[in-house]
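Visitor: Encoded as structure tokens, here's the structure I'll be asking about.
The values are calculated or read from the model by the stated rules, or taken from the named source; none is laboratory data. Since the model is a prediction, treat every value here as computed from it, not as a measurement. When we count neighbours, we look across all protein chains shown, and the Cβ atoms used for this are built from the backbone with ideal geometry, even at glycine. Surface accessibility is based on the protein's heavy atoms, side chains included, excluding ligands, DNA and RNA. Shrake-Rupley method; radii C 1.70, N 1.55, O 1.52, S 1.80 Å.
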Amino acid sequence: MVTAQLLSAVLMAGVLIVVFMAASRRGQKADESSEVTGPGGWRRLQDRLHAAADDPGVLALGFLLLAVGMGLGVVGAVGDGLVEGVPVDLLAVVLGATLSLVLVAYLFWGTYAASRRRGLGNAQAVGVGIGTLSLVFLAVIAAQLVFGVVG
């Protein structure tokens, strides 16, 4: 059984990795303007991370890990729970939030990337992504009002 402290540590490590990657991208944009081409360790790490993000195998592995993690979470939420000390209700909330985040990221990023590839600017592509999320949100509200399917 996994303790709540270990689960918290793993989640915090994931958050730190995301923050590090976001900060690295900002630093990379600043470095590009000054034409720094040294073989520094950070630059190599950024290049490797960028290459890994573009590799379909890495994306497939990430999807498989997410699917297995979600499957284990569902089994834990339906059963007695996989994590010692964490209530099953909390596990169900975490699973719902994770699934919602994946769905929102898929819808937003998909429409954003498609809009950018079709020649729209950054702000216009963000607008298309937000518009898509708004339509999905309105569809969920309409389904709740008509059929009462959510909650």
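Visitor: How much length is gained on full extension from Leu101 to Ser8, taking 0.36 nm per residue of separation minus their Cα-Cα distance?
Guide: Details: separation 93, 0.36 × 93 = 33.48 nm, distance 1.83 nm.
Stretched out fully, the Leu101 to Ser8 stretch lengthens by 31.7 nm.
Visitor: Under a point spin-label approximation (7 Å from Cα along Cα-to-Cβ), what is the Ala113-Leu138 distance to one decimal in nm?
Guide: Using points 7 Å along Cα→Cβ, the separation is 2.6 nm.
Visitor: At 1.4 Å probe size, what's the solvent-accessible area of Phe147? Round to the nearest 10 Å².
Guide: Surface open to solvent at Phe147 totals about 150 Å².
Visitor: I need to check one value: relative contact order of the range 84-150, counting alpha carbon pairs closer than 8 Å and at least 6 residues apart, in percent. List each step's numbers first, then the result.
Guide: On the way: 28 pairs, mean separation 16.1, N = 67.
Result for the range 84-150 is 24 percent.
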